[in-house]
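Trainee: Sending over a structure as structure tokens; questions will come in a sec.
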Amino acid sequence: MKVLLFGGAGYIGTHVALAFLERNDTVGIFDNLSSGLRSNVDERCRFIEGDILNKDQVKAALSEGWDAVVHLAAFKAAGESMLKPFKYSENNITGSLNLITECVRAKVKNFILSSSAAVYGEPSYLPVDESHPTNPTNYYGYTKLCIEENLKWYSKLKDFNFVSLRYFNAAGYDGDGRMLGLEMNPANLIPVVMEVAAGLRPNLLVFGDDYDTPDGTGVRDYVHVTDLAKGHLLAADYLLKNHQNLIVNLGSESGLSVQQIIDTAREITGKGIDVQYVERRPGDPAKLIASSTKAKKELGWVAEHSSVESIIASTWKVYQANQKKSAMFK
Ligand code: UD1
């Protein structure tokens, strides 16, 4: 299979590329390197530097003939999206519409969207399945929902199918240490905790300790990025075989609080990890836990690497490797 990953030089895209390469698929990566890293791109991939906001660049890349496209090119900081909505509407919505339109024109019929649990908003029941109402509480989540809605319309009107993968909280790194490029200026909990453990920032700000959860801190469903990557392979196979749309959750089906993440990180890293409890972050729901029954049924997908220990240990290994590398060059 020939698959082109838009935003493929980022944290999740790099892991997705590795999974396709492992089974000898042909992989292209299109990325503007705004947050992705050139050094993350495996040398077996065809690399195209470009921006989804530039239709000519998208058109040229798609003209090379691909069986499927994976769209991971998006800004993803839920908190930031509440403060800078234009940044998110331009890149995530306008950019995605460019890409979808050009895929239809280029007759690339199989589209996999990197979507998010943020489309659900504050859950009215747990675990959240795909029939749960979609009512995002942050603008980032709305951008993903808006893309899904457009994919539904395009597939009704054109010869075009999509799988939308609603990731819960992506975390962890490749267990074989093949991916060492760290995200720049991370805002997500686990990389921030790692930066504190590594001495790169003084403390972790915990956004709220008065939620209606067992220890008062926010609960999320953390899913290992290697598991997510596998979901993309299965989604591509599904599209090529069934020519049908599918929207599925990818989550571990277990909830961990911010406090549990801190405690496990202290154990694994052996570092104190200084913490300061502050106000809630706008747009953050209290608890999100996935039901992944549909992914299992339709794709045969199950989370295999998503224990909290595996997620934190694989991430810490990469931070340590980077610290050794930078010490060598000092
Ligand atoms: C959000 C989306 C998720 C998406 C992800 C992409 C929601 C509900 N979820 O995840 O679907 O894939 O963005 O980035 O919108 N926290 C702190 N201190 C920090 C950072 C985070 O206390 O410095 C807390 C948050 O309040 C939250 C938890 O840690 O309770 C996880 O936060 P984060 O890693 O930022 O991800 P979400 O916002 O849950």
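The values are calculated or read from the model by the stated rules, or taken from the named source; none is laboratory data. Here the structure is a predicted model, which is why all the values come from computation and not from measurement. Here Cβ is always computed from backbone atoms with ideal geometry, including for glycine, and neighbour counts include all displayed protein chains. These accessible areas exclude ligands, DNA and RNA; they are computed on the full protein's heavy atoms, side chains included. Shrake-Rupley method; radii C 1.70, N 1.55, O 1.52, S 1.80 Å.
Trainee: Of everything in the stretch 78-136, what is within 14 Å of the ligand (Cβ to nearest atom), among the aromatic types (Phe, Trp, Tyr) and in a loop (DSSP other than H, G, I, E, B)? Give them in sequence order.
Mentor: TYR120
Trainee: Turning to a different aspect of this structure: If a residue counts only when it is open to solvent by 20 Å² or more (accessible area, probe 1.4 Å) and under 26 Å from GLY272 (Cβ atoms), which strands (runs of 3 or more DSSP E) contained entirely in the stretch 139-253 have at least 1 such residues?
Mentor: Passing ranges, in order: 169-171, 204-207.
Trainee: Here's something else I'd like to know. Restricting the stretch 267-281 to residues that are more than 10 Å from the ligand (Cβ to nearest atom) and within 25 Å of the chain's Cα centre (by Cα), which is most open to solvent (accessible area, probe 1.4 Å)?
Mentor: Only one residue fits best here, namely ILE268.
Trainee: In the stretch 134-149, how many are among the acidic types (Asp, Glu) and more than 17 Å from the chain's Cα centre (by Cα)?
Mentor: 1
Trainee: Collect the residues in the stretch 153-169 that are of a type outside the set (A, V, I, L, M, F, W, C) and under 19 Å from GLY121 (Cβ atoms), keeping them in residue-number order.
Mentor: SER164, ARG166, TYR167, ASN169
Trainee: Starting from the stretch 256-267, keep only residues that are closer than 15 Å to SER307 by Cβ, then list their pairs with residues that are surrounded by fewer than 19 Cβ atoms within 10 Å (Cβ to Cβ) whose Cβ atoms are within a distance under 7 Å, requiring at least 6 positions of separation or different chains.
Mentor: Pairs found: THR264/GLU309; ALA265/ILE273.
Trainee: May I ask you to list the residues in the stretch 114-138 that are crowded, with 20+ Cβ neighbours inside 10 Å and either of a type in the set (A, V, I, L, M) or touching a His at 6+ places or on another chain (Cβ under 8 Å) (or both)?
Mentor: SER114, ALA117, ALA118, VAL119, TYR120, VAL128
Trainee: Which of the residues spanning the stretch 298-318 are in a helix (DSSP H, G or I) and either open to solvent by less than 40 Å² (accessible area, probe 1.4 Å) or over 13 Å from LEU250 (Cβ atoms) (or both)?
Mentor: LEU299, VAL308, GLU309, SER310, ILE311, ILE312, ALA313, SER314, THR315, TRP316, LYS317, VAL318
Trainee: Within the stretch 205-215, which residues are within 11 Å of the ligand (Cβ to nearest atom) and farther than 13 Å from ILE190 by Cα?
Mentor: PHE207, GLY208, ASP209, TYR211, THR213
Trainee: Still on this model: Here are the criteria: (1) in the same structural domain as ASP159 (by TED's automatic domain parsing); (2) within 10 Å of the ligand (Cβ to nearest atom). Tell me which single one ALA236 does not satisfy.
Mentor: Tallying (1) in the same structural domain as ASP159 (by TED's automatic domain parsing); (2) within 10 Å of the ligand (Cβ to nearest atom), ALA236 fails exactly one: (2).
Trainee: Determine whether the stretch 205-212 contains at least one residue that is on the phi > 0 side of the Ramachandran plot and more than 19 Å from the chain's Cα centre (by Cα).
Mentor: Within the stretch 205-212, one or more residues are on the phi > 0 side of the Ramachandran plot and more than 19 Å from the chain's Cα centre (by Cα).
Trainee: Can you spot a residue in the stretch 50-69 that is within 17 Å of the chain's Cα centre (by Cα) and modelled with pLDDT of 95 or more?
Mentor: Taking every residue of the stretch 50-69 in turn, at least one turns out to be within 17 Å of the chain's Cα centre (by Cα) and modelled with pLDDT of 95 or more.
Trainee: Taking into account only those residues within the stretch 174-204 that are closer than 13 Å to HIS15 by Cβ and in contact (Cβ under 8 Å) with a residue 24 or more places away in the chain, which is nearest to the ligand (Cβ to nearest atom)?
Mentor: Checked the stretch 174-204; the qualifying residue nearest to the ligand (Cβ to nearest atom) is GLU183.
Trainee: Then there is this: Could you say whether any residue in the stretch 33-43 is open to solvent by less than 70 Å² (accessible area, probe 1.4 Å), over 21 Å from LEU165 (Cβ atoms), part of a loop (DSSP other than H, G, I, E, B) and touching a Phe, Trp or Tyr at 6+ places or on another chain (Cβ under 7 Å)?
Mentor: Yes, the stretch 33-43 contains a residue that is open to solvent by less than 70 Å² (accessible area, probe 1.4 Å), over 21 Å from LEU165 (Cβ atoms), part of a loop (DSSP other than H, G, I, E, B) and touching a Phe, Trp or Tyr at 6+ places or on another chain (Cβ under 7 Å).
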